[in-house]
Amino acid sequence: MTSSRTNPPSDRAAGTDVGSAAWELLLPAVEEPARRRGRALQSALREAVRSGRLVPGTRLPSSRALAADLRVSRGLVTEAYEQLTAEGYLRSGRGAGTWVGEAVRAAAPEVRDLAERAPGVRVDFRPGTPDLSLFPRAAWAAAHRSVLGRLPHDALGYPDPRGLPVLREALATLLARRRGVVADPERLVVCSGVAQATTLLGFVLHGRGLRTVGVEDPGSHEHSALFTSAGLATTDLPLDDEGLAIEPLVRSGVRAVVTTPAHQFPTGIAYSAARRSRLLDWARTVDGLIVEDDYDGDFRYDRAPVGALQGLDPRHVAYTGSVSKSLAPGLRLGWLLAPADMTDEIVARKRTMDLGNPSVDQAVLADFITRGGYDRQLRRCQRAYRERRDTLTSMLAECFPGTAVSGIAAGLHIIAGLPGRYGPEPVLLARAARAGVALRPLAAKTAASGDRTVNLVLGYAHLAPSEIERGVRLLAEALRDPAGPDPREGRGRVFT
């Protein structure tokens, strides 16, 4: 091969020849074993065009010249040219040579990661994430090996869109035992988390003529976005101390509403028995649907978790849940248990969306549940999260006297009502951000005016106790006002 050097691609004018040294990029391909050499040469040449190393309009050497440079047969180069010409990467004409095609565009320089990140954040108190370091890697890996060893071959085909029978049976038993759900495995649909369950319900409700769904205010922003993707609008409905306020619900005229009755997100309240009863009465009166998001119903620290609303009326409640908080959101495994008359429509929609969830992952979760691993994981998480909750409340009492704390009896976050002297809210959030402390305010569109309390939703499950202490002290330092009261005086109030 000649030792002459050529200009880089950016310096080449379209329509110019390429010196033979430019084909050094093809040398690894021709060093492959003979049986793979042709395919490797095509792949290397294709990638050179995609990446922009060979720009559109570049004239390629003749097959004879390139074969001589690479010390391969001319037939190998000719076959590569013909294949890439057929694919559109190259163009050629009789007596005109071979050129890089004009339709080719260079590939993106890097693969982006669109997962949410928090650059520059020193301590992140925003809720919604469990402690992923608690994921039971060893137990999960053991279950994975065990399942793969005995999984029949046909289980690797397209699964029942509802989910593997073994997982639906395991989930039905688990949910009936832990959450008081009326769980028929034939009506249980395994989903990619609560997000897909909500979207499935949105499509079915839209197909039945509904155009608006009620959502809690304050509540999860994701619910509105998911229903919007299914063609439904959402109406914000206020809460009171017992749960979703019934009178505004009745006046709204909606016939479907999303609720988090076991542990409302984000206020942390559990719907009272009277409010749960009135909500069911509303659904029966209008023949409506209550969508129950039981996102962290298993995490209650003062007594046994409040049972699911669905157990009181399976005909008017669609129950959703997942392992996102108990195991990890990256598993993308959840479930939907809808009224019997909706199941066929949901399953049909699920089939067209993804043909079912991965079979191996489902089988592993089923094994993990039936062998007791899931219950052990919940107990482990409850111990860790209770300690972190206690650390957070004690640090708030020490550093922010007069703070009212609520929603501590369950879940993975609390509500901290800081006295007005620490506000106003926009200033507090800006100072916290400059200190590297990420916060989420409790924003309710229907909130009463005149309340100067700064209400924050503080997640703690994903933070070690030492990180919680550091974060609260960083926030206190950022908000310290030399003219204000001494933050070491007094104590905060704690409510359940």
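The values are calculated or read from the model by the stated rules, or taken from the named source; none is laboratory data. Model, not experiment: these values are computed from the prediction. Reconstructed Cβ throughout: ideal geometry from the backbone, glycine too, with neighbour counts over all protein chains shown. The accessibility values were calculated without ligands, DNA or RNA, using every heavy atom of the protein model including side chains. Shrake-Rupley method; radii C 1.70, N 1.55, O 1.52, S 1.80 Å.
Here are some notes:
- Restricting the stretch 350-401 to trypsin sites (Lys or Arg not before Pro) that sit in a DSSP loop and have at most 15 other Cβ atoms within 10 Å of their own Cβ leaves R371.
- Against the chain, whose longest principal axis comes from its Cα atoms, helix 465-479 is set at around 80 degrees.
- Sorted peptide list for 148-160, 335-347, criterion being average Cβ within 10 angstrom, highest first: 335-347, 148-160
- Given charges at beta-carbon only (K, R positive; D, E negative), |dipole| of the stretch 374-448 in Debye: 240
- Karplus-derived 3J(HN,Hα) values for the stretch 44-55, using 6.51 cos²θ - 1.76 cosθ + 1.60 with θ = phi - 60°, are 5, 5, 4, 5, 4, 6, 4, 6, x, 5, 10, 7 Hz; glycine and proline are entered as x.
- When shorter helices are ignored and each DSSP H run of at least 4 residues is given -39500 (n - 2.57), the per-residue value for the chain at 222 nm works out to -12500 deg cm²/dmol.
- When you restrict to C-alpha pairs under 8 Å that are six or more residues apart and normalise by the size of the chain, the relative contact order lands at 16 percent.
- Student exercise, the chain dipole from Lys, Arg, Asp, Glu Cβ charges, in Debye to nearest 20: 1040
- Accessible area in square angstrom per residue, the chain, 1.4 angstrom probe: 48
- By accessible area, using a 1.4 Å probe on protein heavy atoms only, the chain has 50% of its surface on carbon and sulfur.
- Protection proxy ranking, peptides 187-196, 294-303, average beta carbon neighbours within 10 Å, highest first: 187-196, 294-303
- C-alpha long axis of helix 193-207 to longest principal axis of the chain, angle in °: 90
- Counting charges near R255 (Lys, Arg +1; Asp, Glu -1) among other residues having Cβ under 12 Å from its Cβ returns a value of +2.
- Multiplying the residue separation of T370 and R39 by 0.36 nm and subtracting their alpha-carbon distance yields 114.4 nm.
- Taking amide H as placed 1.01 Å from N in the peptide plane, L239 has its amide H under 5 Å from the amide H of D217, A245, each at least 5 places away in sequence or on another chain.
- Each peptide in 426-439, 257-270 receives the mean, over its residues, of other Cβ atoms within 10 Å, and ordering these scores from highest gives 257-270, 426-439.
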